[in-house]
Amino acid sequence: MTTYEIIKYPDERLKSIAEPVGKFDDNLRKFLVDLEATMYAGPGGVGIAAPQIGKNQRIAIVDVSSMAKRARKNRPLKHQGKMVLINPEIIEWEGMAIGREGCMSVPDYTGNVIRAEKITLNAYNAKGEQQSYTCEGFEARAVQHEIDHLDGLLFIDRLVSRRNDLFRRKTK
Amino acid sequence: MSNWFMLTLVGKDRAGIVAQITTTLFENNCNLGEASMMRLGGNFSIMLMVSYQGDAKALKNRLAPVTDRLALKIHIDAIEAKLHQHVIPDVRISVLGADRAGIVSQVTSALSDAGLDILDLESDVGGSQDKPLYIMHIEGRAIKGIEPLESAITQIRSNKIDVHLSPIETMIA
Ligand SMILES: [Zn+2]
């Protein structure tokens, strides 16, 4: 197992549209092990996309369980553990939420981004089996952030004002 | 070797101020760090981190043509530039209320006692002249955790002040 170096903005490789994965073989599975290790070694540790280590393929991993552990009892964070997302495609969007994001490829900067509150997506797993997921809240935000990476987009392309935003939550 | 300065400029707001200042800085080989411009009650104000080869006096002289032309008050302090060390806020507090003296003092004192390290504060007065509305947003770090802040807020909350706290969960991925 090795960890990769995260490439940083303004590296052009972060701006390209990644290619779909065609072969679900041992090379892919080995790559996933290393990508996952790189994700957990990072400052956020909740998501990573292959273009962030310079691999132009539609592969991402999301795991927000570490955030869920820190969440308070009265505001539980729904999640489904580690999700390996190969050739992911969001098929349903619901609601909108403003939230603060940062990115391993854009160090020392955070900002507000609007994302769908709830999404349904299809993606392949490491074995090449198609899976369907419904995600909400923080997990949905992480998935959308990673899929953006596969389309050459960074959160700084989607920033909304840091000031004066109404940050009220539904659960108040 | 260049030195870092905090440059503060205050004056009457008019079109093109920022462009004229930054052009002058650029022409004098200055680099910019973090900056914040605010228009407060029709007044222009900006704080800029500027790195410059000379001392504060030389920088002031370099800027004199533009600050004189725009009638801007200038203030320069030598600073330590702690760039690339942003602290991520984990809580946001909004305050809405009828405009009255002491609202900021009351809220910030209670929150400070409850362990809030304020990283960002901005406030505005809306509403109308006879019924002003005071709006304040604070972001900070809850040093003692969220719970003490929540109980502080419950104490402050009244029919005159509407205070809300929301955790900020920053997703870094
Ligand atoms: Zn990212």
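The values are calculated or read from the model by the stated rules, or taken from the named source; none is laboratory data. All of these numbers come straight from a predicted model, not from anything done at the bench. Cβ coordinates were reconstructed from backbone atoms using ideal geometry, including for glycine residues, and neighbour counts include every protein chain displayed. For the accessible areas, the whole protein counts, side chains as well, though only heavy atoms, and no ligand, DNA or RNA atoms are used. Shrake-Rupley method; radii C 1.70, N 1.55, O 1.52, S 1.80 Å.
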- So which residues in the range A:111-124 are touching a residue at least 40 places away in the same chain (Cβ under 8 Å), more than 14 Å from chain B (Cβ to nearest Cβ) and open to solvent by less than 30 Å² (accessible area, probe 1.4 Å)? A:A123
- Message: Given the criteria out of contact with any Asp or Glu (no Cβ under 9 Å at 6 or more places or on another chain) and either open to solvent by less than 50 Å² (accessible area, probe 1.4 Å) or of a type in the set (A, V, I, L, M) (or both), does B:L72 qualify?
- Response: yes
- Query: Any idea which of B:D77, B:D55, B:D13 is open to solvent by 40 Å² or more (accessible area, probe 1.4 Å) and in contact with a Gly (Cβ under 7 Å, 6 or more places away or on another chain)?
  - Reply: B:D13
- Message: Please verify whether B:L48 is assigned to a loop (DSSP other than H, G, I, E, B) and either open to solvent by less than 50 Å² (accessible area, probe 1.4 Å) or small (G, A, S) (or both), treating the condition exactly as stated.
- Response: no
- Collect the residues in the range B:87-136 that are more than 14 Å from every other protein chain (Cβ to nearest Cβ), β-branched (V, I, T) and open to solvent by less than 40 Å² (accessible area, probe 1.4 Å), keeping them in residue-number order. B:I103, B:V107, B:T108
- Take the range A:82-110 and flag every residue that is over 17 Å from A:V46 (Cβ atoms) and open to solvent by less than 10 Å² (accessible area, probe 1.4 Å). A:I86
- Message: If I ask for residues that are away from chain B (no Cβ under 12 Å) and not polar (S, T, N, Q), which ones from the range A:64-78 would you list?
- Response: A:K69, A:P76, A:K78
- Picking from B:V18, B:V10, which residue would you name as being of a type in the set (V, I, T) and assigned to a strand (DSSP E or B)? B:V10
- Query: If you take the residues of the range A:125-139 that are more than 19 Å from A:L32 (Cβ to Cβ) and away from every other protein chain (no Cβ under 14 Å), which of them is surrounded by the most Cβ atoms within 10 Å (Cβ to Cβ)?
  - Reply: A:T134
- Task: Please give the number of the condition A:I61 fails out of (1) open to solvent by less than 10 Å² (accessible area, probe 1.4 Å); (2) more than 10 Å from chain B (Cβ to nearest Cβ); (3) of a type in the set (A, V, I, L, M).
- Result: (2)
- Message: Every residue in the range B:137-161 that is β-branched (V, I, T), within 14 Å of another protein chain (Cβ to nearest Cβ) and surrounded by 13 or more Cβ atoms within 10 Å (Cβ to Cβ), please.
- Response: B:I138, B:I146, B:I153
- Query: Looking at (1) out of contact with any helix residue (DSSP H, G or I) (no Cβ under 8 Å at 6 or more places or on another chain); (2) among the hydrophobic types (A, V, I, L, M, F, W, C); (3) more than 16 Å from the ligand (Cβ to nearest atom), which is the one condition that is false for A:I147?
  - Reply: (3)
- Within the range A:1-41, which residues are within 19 Å of A:A142 (Cα to Cα) and surrounded by fewer than 19 Cβ atoms within 10 Å (Cβ to Cβ)? A:I7, A:K8, A:Y9, A:K15, A:I17, A:L32, A:E36, A:A37, A:Y40, A:A41
- Item | Scope the range A:140-165; condition free of Cβ contacts under 8 Å to residues at least 40 places away in the same chain, more than 11 Å from chain B (Cβ to nearest Cβ) and open to solvent by less than 10 Å² (accessible area, probe 1.4 Å); matching residues | none
